[in-house]
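Notes for the one structure printed next.
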Amino acid sequence: MSQHTTSTDVDVAVIGGGAFGTSIAFHLARDTDLSVRVIERFGVSEGTTWHSAGMVGQLRSKDPIMQVIRHSAALYASLEEGTPGLLDFRRVGSLRIATTPIRVAEMTEQVAQARALGIDAEMIAPDRIAEIVPTLDTDQILAACWIASDGYVDPEQLAVGLAQRAVELGAQISTGTTVTALTRTDEGHWVIETDGGTVTAAQVVLAGGMHTTVLARQAGAFVPLLCSRQQLIYSNPIDPEVAGYPTVREPDESMIMRASGDRLVVGSYVEDPEFDVVDDVPVTARYLFEPEFDRMIPAWDACVRRFPVLAEVGVDRVIKGPEGVTPDGEIIMAPAGPEGLWIAAGGSGHGIASAGGVGWVMSTWLATGTPPIDVTDFALDRFPASFETDPEAMLAETRLHEIGRYALVTE
Ligand SMILES: Cc1cc2nc3c(=O)[nH]c(=O)nc-3n(C[C@H](O)[C@H](O)[C@H](O)COP(=O)(O)OP(=O)(O)OC[C@H]3O[C@@H](n4cnc5c(N)ncnc54)[C@H](O)[C@@H]3O)c2cc1C
């Protein structure tokens, strides 16, 4: 039965039409009786989501986030199979390369952990890598983790496709509508003021990407997020066949790679990450920072070593985009203090991979009062309240985790 009463316009208002918000709306519309409206100030996907690398990799060091991403990978594959092109998800598999014995040991443990959750991860030897991608130079590779059900998605299409399905299933999506104030009434519902009028809802989910920190402030809550500047290099065209290459991660070189049409896209977690206070980032659709290729040279060189053809075709363009990150590098899915207020934000570099699972967890939790998995890792109160008054401490913690992203978990 719908919780919707005549006292509110909708049961759930979701603020933000990125990967998280559209997935939550899709799951609510498909799996529950709750009515939902997404409120998005630009177009769907035009915050961080559109310029993401879109890699969907299930191997993580903790079970709950692997369960979240396992749900995403299965969902994206099934929606894509039902309607080819809906999300533009390519289930090309992923390779995570190990070049040191200690990295092999770490991966072997993670593979066992992933397999226990039903993920099709396996350790493979260099000759098998060469069979999967003959153009990959296997020099110094000791082993790799291969997951056939991983892949990559066109991130813009992911949000657009999920929004389209959500609307077909009864969700409402208001684009070009900015939320300006959030208030909880004495009757216990939420009043969401926008530049296009007022919406009332029993529950509100803040899925505003990094701007969730601003929205939460309006609602009387603190959500610790910073903007991390992240870059991607697009190569010049190589060959349409590269579209079928698996995604590649080489943690010891902090290099990630996936195809985009007939090009390769190279990303990295740099040693000197750049952060901005969210309030300082310009608020415009599809905002990008000025790119800096030099900061990406180590990752580009690492990718050229694996795919020497890159040296021949060279770089087409570099983009530097904003991403909302939490101090410990894990997403937030949690109630936020004032009753009926929820947070789904802080993609922290894996928001596309997580989005499908975020929709599943949040919709189940909103509809039944109980999350379907252990959500301790995603709680808002895992962060000290002192971060609100000590931004330097929050920055230091965030920097530590961003630099340590590919540090050995066995270290
Ligand atoms: C260069 C780069 C590469 C990446 N690569 C990967 C990858 O390979 N794999 C992966 O899993 N992740 C990756 N990520 C991370 C991933 O893209 C993000 O975590 C994800 O897109 C975040 O989605 P979101 O819905 O939380 O936020 P957003 O996409 O930012 O959506 C939030 C929305 O809320 C709206 N909003 C905010 N405030 C308001 C308001 N007041 N009123 C109305 N609307 C509002 C915004 O306009 C925006 O559209 C990458 C990120 C970057 C920058």
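The values are calculated or read from the model by the stated rules, or taken from the named source; none is laboratory data. A quick note: this is a predicted structure, and the numbers were derived from the prediction, not measured. Here Cβ is always computed from backbone atoms with ideal geometry, including for glycine, and neighbour counts include all displayed protein chains. Just so you know, the surface numbers come from the protein's heavy atoms only, side chains and all, with ligands and any DNA or RNA stripped out. Shrake-Rupley method; radii C 1.70, N 1.55, O 1.52, S 1.80 Å.
Selection of the stretch 5-26 for residues being outside any strand (DSSP E or B) and either polar (S, T, N, Q) or away from the ligand (no atom under 14 Å from the Cβ) (or both) yields Thr5, Thr6, Ser7, Thr8, Asp9, Thr22, Ser23.
The condition (being within 30 Å of Ala130 (Cα to Cα) and under 23 Å from the mean Cα position of the chain (by Cα)) is satisfied by just one residue among Trp300, Trp342: Trp300.
Checked against (1) in contact with a strand residue (DSSP E or B) (Cβ under 7 Å, 6 or more places away or on another chain); (2) hydroxyl-bearing (Ser, Thr, Tyr); (3) within 11 Å of the ligand (Cβ to nearest atom), Thr284 meets all criteria but (1).
Of the strands (runs of 3 or more DSSP E) lying entirely inside the stretch 142-211, those carrying at least 3 residues that are within 15 Å of the ligand (Cβ to nearest atom) are 151-153, 172-174, 179-184, 190-194, 197-206. In the stretch 250-291, what residues are over 18 Å from the mean Cα position of the chain (by Cα), closer than 16 Å to Leu226 by Cα and open to solvent by 40 Å² or more (accessible area, probe 1.4 Å)? Answer for the stretch 250-291, where residues must be over 18 Å from the mean Cα position of the chain (by Cα), closer than 16 Å to Leu226 by Cα and open to solvent by 40 Å² or more (accessible area, probe 1.4 Å): Asp272, Glu274, Val277, Asp279, Asp280, Pro282, Val283.
Could you tell me whether the stretch 45-62 includes any residue that is touching a residue at least 40 places away in the same chain (Cβ under 8 Å), within 24 Å of Pro282 (Cβ to Cβ), open to solvent by less than 40 Å² (accessible area, probe 1.4 Å) and among the aliphatic types (A, V, I, L, M)? Scanning the stretch 45-62 turns up at least one residue that is touching a residue at least 40 places away in the same chain (Cβ under 8 Å), within 24 Å of Pro282 (Cβ to Cβ), open to solvent by less than 40 Å² (accessible area, probe 1.4 Å) and among the aliphatic types (A, V, I, L, M). Residues of the stretch 137-167 that are closer than 28 Å to Asp31 by Cα, open to solvent by 40 Å² or more (accessible area, probe 1.4 Å) and not β-branched (Val, Ile, Thr): Ala148, Asp154, Glu156, Gln157, Gln164, Arg165.
Table: residues versus (1) assigned to a helix (DSSP H, G or I); (2) surrounded by fewer than 20 Cβ atoms within 10 Å (Cβ to Cβ); (3) of a type outside the set (Val, Ile, Thr).
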position	(1), (2), (3)
Tyr234	no, yes, yes
Ala243	yes, yes, yes
Val248	no, no, no
Met296	yes, no, yes
Leu310	yes, no, yes
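Among the residues of the stretch 75-90, is any within 13 Å of the chain's Cα centre (by Cα), modelled with pLDDT of 95 or more and within 15 Å of the ligand (Cβ to nearest atom)? I'd like the intermediate steps shown before the answer.
Filtering the stretch 75-90 down to residues within 13 Å of the chain's Cα centre (by Cα) leaves none.
Scanning the stretch 75-90, I find no residue that is within 13 Å of the chain's Cα centre (by Cα), modelled with pLDDT of 95 or more and within 15 Å of the ligand (Cβ to nearest atom), so the answer is no.
Across the stretch 312-324, the qualifying residues are those that are among the charged types (D, E, K, R) and more than 10 Å from the ligand (Cβ to nearest atom), and the one among them that is surrounded by the fewest Cβ atoms within 10 Å (Cβ to Cβ) is Glu312. Return yes or no: is Leu225 modelled with pLDDT of 95 or more, open to solvent by less than 30 Å² (accessible area, probe 1.4 Å) and within 17 Å of Ser348 (Cα to Cα)? Answer is yes for this residue.
No other residue among Thr376, Thr398, Thr389 is on the phi < 0 side of the Ramachandran plot, among the polar types (S, T, N, Q) and open to solvent by less than 40 Å² (accessible area, probe 1.4 Å) apart from Thr398.
Tell me whether the stretch 86-107 contains one or more residues that are under 16 Å from Gln164 (Cβ atoms) and open to solvent by 30 Å² or more (accessible area, probe 1.4 Å).
yes
Listed here are the residues, each with its yes/no results for (1) closer than 28 Å to Val309 by Cβ; (2) more than 16 Å from the ligand (Cβ to nearest atom); (3) modelled with pLDDT of 95 or more; (4) among the charged types (D, E, K, R).
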{"position": "Val38", "(1), (2), (3), (4)": "no, no, yes, no"}
{"position": "Thr49", "(1), (2), (3), (4)": "no, no, yes, no"}
{"position": "Ser61", "(1), (2), (3), (4)": "no, no, no, no"}
{"position": "Glu131", "(1), (2), (3), (4)": "yes, yes, yes, yes"}
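Kindly provide the set of residues from the stretch 325-357 that are assigned to a helix (DSSP H, G or I) and either closer than 22 Å to Leu232 by Cα or near the ligand (Cβ under 8 Å from one of its atoms) (or both), ordered by number. Spell out how you get there, then give the answer.
The initial filter retains those residues of the stretch 325-357 that are assigned to a helix (DSSP H, G or I), namely 351-357.
Those that are assigned to a helix (DSSP H, G or I) and either closer than 22 Å to Leu232 by Cα or near the ligand (Cβ under 8 Å from one of its atoms) (or both): Gly351, Ile352, Ala353, Ser354, Ala355.
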